[in-house]
1. Could you tell me whether Val209 is out of contact with any strand residue (DSSP E or B) (no Cβ under 6 Å at 6 or more places or on another chain) and among the β-branched types (Val, Ile, Thr)?
2. Would you confirm, using the coordinates I've provided, whether Gly25 is at pLDDT below 95, over 23 Å from Ala152 (Cα atoms) and over 16 Å from the mean Cα position of the chain (by Cα)?
3. Only one of Ala68, Ala46 is of a type in the set (A, V, I, L, M, F, W, C) and assigned to a helix (DSSP H, G or I). Can you tell me which?
4. Does at least one position in region 53-62 carry a residue that is surrounded by fewer than 17 Cβ atoms within 10 Å (Cβ to Cβ), in contact with a strand residue (DSSP E or B) (Cβ under 7 Å, 6 or more places away or on another chain) and in a helix (DSSP H, G or I)?
5. So is Ala232 farther than 26 Å from Glu161 by Cβ, in contact (Cβ under 8 Å) with a residue 60 or more places away in the chain and touching a helix residue (DSSP H, G or I) at 6+ places or on another chain (Cβ under 8 Å) or not?
6. Looking only at region 187-239, filter to residues that are of a type in the set (S, T, N, Q) and over 10 Å from the mean Cα position of the chain (by Cα); which one of those is surrounded by the most Cβ atoms within 10 Å (Cβ to Cβ)?
7. Scan region 1-32 for residues that are surrounded by 18 or more Cβ atoms within 10 Å (Cβ to Cβ), among the charged types (D, E, K, R) and in a loop (DSSP other than H, G, I, E, B) and jot them down.
Amino acid sequence: MTALGFLHPGHSAEDDYPRIEQLLGSDIRLDVVHTETGEDVHRVEALRAMGTPQLLAPAVEELRLSGAEAVVWACTAGSFALGWEGARDQVRALARAAGTPASSTSFGFAHALREVGVRRVAVGATYPDDVAGLFADFLRAGGAEVVAVRGAGADVVTAAEVSAWGEAELFALARSADDPSAEALLLPDTDLHTAAHLPALEEELGKPVLTAAQVTVWEALRLADRRVNAPALGSLFAREPLVQV
C-alpha cells in the first residue's frame, strides 16, 4: 500500500480525491487533511498567507503520523503566489516538517507539462486577472510558453462558488480559455471539480487538459516513485513516464 498525503485548504472539491483514488484502481491510499484558509478570497497577500509553515503545521503532523510517503500542498495559488523561488522554499520547509518528499500543486503542473511533452499552454483560471498572471509567470519560470490566459477579470469568485460549478460551467471555462496554438490547457483552481470529466474535456478540445486535483495526485505518485496507468484520469495518466524522480 502506498499512502499519499494532501494538505487541502478548506472543504471545496475535496471529494475529487476519493473519486481519483477509485479510478487509480491500485493499492494507493489518498489521505486528505484540511488546513485553515482564513477569508475566502483570491487576493495575493491572503493566498501567500495560506501556506505559511505555522498554518500548515497541524495538518503536516497529522499526515506524518498517518505514514504518508509523500506530501503535497494541494493549493495552486497558495504556492505560485510566492513566485518560483518562494514556492521552492515553501516545499523544502514542508519536506523538513513532514519528514518525506514534498511538493505543491503548482510544481505538479510544471512537472506534468514535461510528462506530456508540451511547452505551449493556455490557462483557464477562476482567479482575478492579477492572480492568473502570477500563475502564468510561475509556468514561464518553469520553462513553459504561455500563449493565452483567461482570468475572471474583476469578478470575485470564491472557493465556495467555484466548487458548486457543474459540467456546463467547467466546459464553458475550458472552451473560452483554449487557444488554437496551445498544446495543452491548464485549469489550475483546486476548487474545481474536474476528476469526472477529464477524458471528455480532452476529447472536446483535442489536446491534453491538466487540472489541479489530477496533477496534485500525479505529483504525489511521482514523489513516491509510483507510475499508474489510469486513462480515465486523462492523458497525463496514460503515458510512459518522462519525468524521473
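The values are calculated or read from the model by the stated rules, or taken from the named source; none is laboratory data. Fair warning: this is a prediction, and the values are worked out from it, not measured in the lab. Backbone-built Cβ (ideal geometry, glycine too); neighbour counts: all protein chains shown.
1. On the way: out of contact with any strand residue (DSSP E or B) (no Cβ under 6 Å at 6 or more places or on another chain): no; among the β-branched types (Val, Ile, Thr): yes.
The answer is no for Val209.
2. Details: at pLDDT below 95: yes; over 23 Å from Ala152 (Cα atoms): yes; over 16 Å from the mean Cα position of the chain (by Cα): yes.
Here the answer is yes, as Gly25 does meet what is asked.
3. Numbers: Ala68 fails: assigned to a helix (DSSP H, G or I).
Only one candidate qualifies: Ala46.
4. Within region 53-62, the subset surrounded by fewer than 17 Cβ atoms within 10 Å (Cβ to Cβ) is 53-54, 57-58, 61-62.
Still in the list and also in contact with a strand residue (DSSP E or B) (Cβ under 7 Å, 6 or more places away or on another chain): 62.
Next cut, in a helix (DSSP H, G or I) only: 62.
Among the residues of region 53-62, at least one is surrounded by fewer than 17 Cβ atoms within 10 Å (Cβ to Cβ), in contact with a strand residue (DSSP E or B) (Cβ under 7 Å, 6 or more places away or on another chain) and in a helix (DSSP H, G or I), which makes the answer yes.
5. Details: farther than 26 Å from Glu161 by Cβ: yes; in contact (Cβ under 8 Å) with a residue 60 or more places away in the chain: yes; touching a helix residue (DSSP H, G or I) at 6+ places or on another chain (Cβ under 8 Å): yes.
In short, yes.
6. The residue in question is Thr194.
7. Across region 1-32, the qualifying residue is only Glu14.
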